[in-house]
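Coordinate-derived values only; no laboratory data. From a predicted model like this one, the values you see are computed outputs, not experimental measurements. Every residue, glycine among them, receives a Cβ derived from its backbone with ideal geometry; neighbour counts consider all protein chains shown.
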Ligand code: SF4
Ligand SMILES: [Zn+2]
Ligand SMILES: [Zn+2]
């Protein structure tokens, strides 16, 4: 770990204090996990950026966090004495929470009790010995990162901007330094929201608890009425999802929902779509397909529109979150701050790399196929080789490699 | 424009507060006997609140109406009895809800602005009547448990939530209730003392509170000693008029139904709950009893579930042997 410590120390010694800027630093609790021990050091606060920088230089963090909350006394240890004044609204999008096929290739879990192991999303309890002692090794993968990025864009483009009325320039995006992104909304309007209020926001973007009737889907005198595809909010989203599903789905897909009646939809497809386009709320639905079946189709159709966020992060009004421009101790990558406009072209495996001096000889225990910058590696096992510094640090941080002799 | 009559109808308005301030009265001033009319009206308001009844506005003497409201509230706070404050807050909520539902839309906009700083706007789209900023909506709406109050079931666009008039009335009236309850925690209110001369006049009110609460306490449940601690704890809260969560309510109701209490008995027992809503309560109890909608009779959640929702409290030695509160009851009833 010495090489990691040295690298991180170098990073924090050379950092420009202004890169550590966060809104209202003096009201935030700062927390870190040091190199020496696993224990988190909490309840520290700083009046200005220079004193923070000096502190980090002398107490190099493996992981660095700050509170989403604003406190009157951020250094108080007792939560009540901290005097909560508000908190940023935060969304956490992480590949860990999004099911992807490639996880079977690069994520491995391992039972500390009986040595059973497997790939992909880890089970809660070991399937063999039923113990809850599962250890996981996860890897950054381009596909997972892309999916996470798409999820962020969906959240912003479909929810935060049009529905919640948040200007895209008021949205701060941070690459987590690992497999996800944090979206920070620091607007005054949202700071005072209670945990309950935040839950409603989280449920809104996850589509939890939707009642289709409330959005205008109902049967009146044998005629189906639904929301208009031009409607804002969930109304329009429901209508558009249904429209898209009807226009694209195959008979096999429809059969899963409708059984034999799928044929009815396929034969009348044009007419249904036309009715939604032309009449707005008066949907043409073939006789024999009831409101229950339509609701079923809608439920399937809107799945694509739901945001895969870790709702606990959004609901928690006292969350510790990664510090922008700090380093992630499991990867050595920088927690990059991004604006909406440069998210698209952001390549974490290039743009978040900070250690770029030369190459280092390492002994690799086991890695799947991975990439760092333009260097590709793996899958390999038990090999000594020389790799670029960024990759060496990444692998050592992961515990998958050691310094080679 | 908010008229004097509006202030009498909606005494929580900030305009009403400044109107009252003009009179420059303090609690001590009411000792003199000069304001008996106001005092009597205030006592009447308290009495109605205790009995859970709405007292209609008397528009013939608006100043008395306005001042007596402030006095009644001050007395409720001064008695240092949270139960009566909750009753009062509840009745105010119900009263405001009824009045607001019938109010003109323009007036509601003014009320929301002056009372809570909310920025309602008229809207006429997809059957909605108003829009309001998302953050203001979320101050109150999450307090309602039903699915129809979830944000996801509203039309939300450009930072605004679209909402029907009836729901605005519900939201505003709930805000009224919360305002009354919150004030109880203010230092100034905590320090408030009722002068001797006024305290004497509260004798009947205090008696009424006691008898009212006793009636509720008499409605005991069979085999009291066999009730598990988790259920007793919730029942205690109910008896004290404390608000209890939806889950707690469900648990108690299902439990009591399962040990043989009737819908009627449970209904009477719940009457004491601060935010008691007769129709809703009856519906819920019947529903849980399996009389409405589905035929299934509900059983209370098992210990594991109660533990994870923080309702398992004061566990005793019998708890170790059981996985379900009903099992606890069965075991202990035999021994009694
Ligand atoms: S262990 Fe079960 S019965 Fe005992 S208090 Fe807890 S929830 Fe109730
Ligand atoms: Zn195992
Ligand atoms: Zn992947």
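Overview of values
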quantity: Between the stretch A:76-109 and the stretch A:344-367, the Cα center-to-center distance that results, in Å; calculated: 24 Å
quantity: Calculated on alpha-carbon atoms, Rg and Dmax of chain B in Å; calculated: 22.6, 68
quantity: More than 27 angstrom apart: percent of Cα pairs within the stretch A:254-405; calculated: 55 percent
quantity: Crossing angle, helix B:278-289 versus chain B [Cα axis fit, 0-90 degrees, rounded to tens]; calculated: 20 degrees
quantity: Highest-fluctuation residue, A:335, A:136, A:93 considered, GNM on chain A with Cα pairs under 10 Å; calculated: A:136
quantity: Rel. contact order, % - alpha carbon contacts under 8 angstrom, at least six apart, chain A; calculated: 17 percent
quantity: Anisotropy class of the stretch B:36-86 from Cα gyration tensor, a/c 1.5 cut; calculated: oblate
quantity: Normalised alpha carbon radius of gyration of the stretch B:222-334 [divisor 2.2 N^0.38 Å]; calculated: 1.01
quantity: Acute angle (nearest 10 degrees) that the helix B:246-258 long axis makes with the longest principal axis of chain B, alpha-carbon atoms; calculated: 50 degrees
quantity: Computed P(r) (all Cα pairs; the stretch A:218-305; 10 Å bins; percent); calculated: 18, 58, 24, 1
quantity: Projected-area average for the stretch B:4-201 over all orientations - Cα convex hull basis, square nanometres; calculated: 11.6 nm²
quantity: Diffusion constant of the stretch A:107-195 at 4 °C, which comes from Stokes-Einstein with the Kirkwood Cα-pair radius and 1.567 mPa s, µm²/s; calculated: 81 µm²/s
quantity: Chain A - mean residue ellipticity at 222 nm from DSSP helices (-39,500 (n - 2.57) per run, n ≥ 4, rounded to 500); calculated: -9000 deg cm²/dmol
quantity: Order of B:261, A:278 under a 10 Å beta carbon neighbour criterion, fewest first; calculated: A:278, B:261
quantity: Mean-position separation - Cα centroids, the stretch A:234-312 and the stretch B:1-75, in angstrom; calculated: 57 Å
quantity: Rg and Dmax of the stretch B:1-107, Cα atoms only, in Å; calculated: 13.6, 42
quantity: Between helix A:142-154 and chain A: long-axis angle, C-alpha atoms, 0 to 90°, nearest 10; calculated: 60 degrees
quantity: For A:287, B:206, order by how many other beta-carbon atoms lie within 10 Å, fewest first; calculated: A:287, B:206
quantity: q = 0.10, 0.22, 0.25, 0.26 Å⁻¹: log10 I(q)/I(0) that the Debye formula gives for the stretch B:121-214, counting C-alpha atoms only; calculated: -0.47, -1.11, -1.30, -1.34
quantity: Residue-averaged 222 nm ellipticity for chain B, from DSSP H runs of 4+ at -39500 (n - 2.57), nearest 500; calculated: -18000 deg cm²/dmol
quantity: Footprinting exposure proxy for A:391, A:49 (fewest neighbouring C-beta atoms within 10 Å first); calculated: A:49, A:391
quantity: For chain B: relative contact order, % (alpha-carbon pairs under 8 angstrom, 6 or more apart); calculated: 16 percent
quantity: Directionally averaged shadow of the protein assembly as shown, computed from the convex hull of its alpha-carbon atoms, nm²; calculated: 40.4 nm²
quantity: C-alpha center-to-center spacing [the stretch B:89-117, the stretch A:8-43] in angstrom; calculated: 49 Å
quantity: Among B:253, B:17, B:26, residue whose mean-square fluctuation peaks in a GNM of chain B (springs only between Cα atoms under 10 Å); calculated: B:26
quantity: Among A:288, A:207, A:86, residue whose mean-square fluctuation peaks in a GNM of chain A (springs only between Cα atoms under 10 Å); calculated: A:288
quantity: Intensity falloff of chain A expressed as log10 I(q)/I(0), Debye formula with alpha-carbon point scatterers, at q = 0.06, 0.08, 0.15 Å⁻¹; calculated: -0.32, -0.55, -1.36
quantity: Value of relative contact order over the stretch B:70-195, rounded to a whole percent, pairs C-alpha under 8 Å and six or more apart; calculated: 33 percent
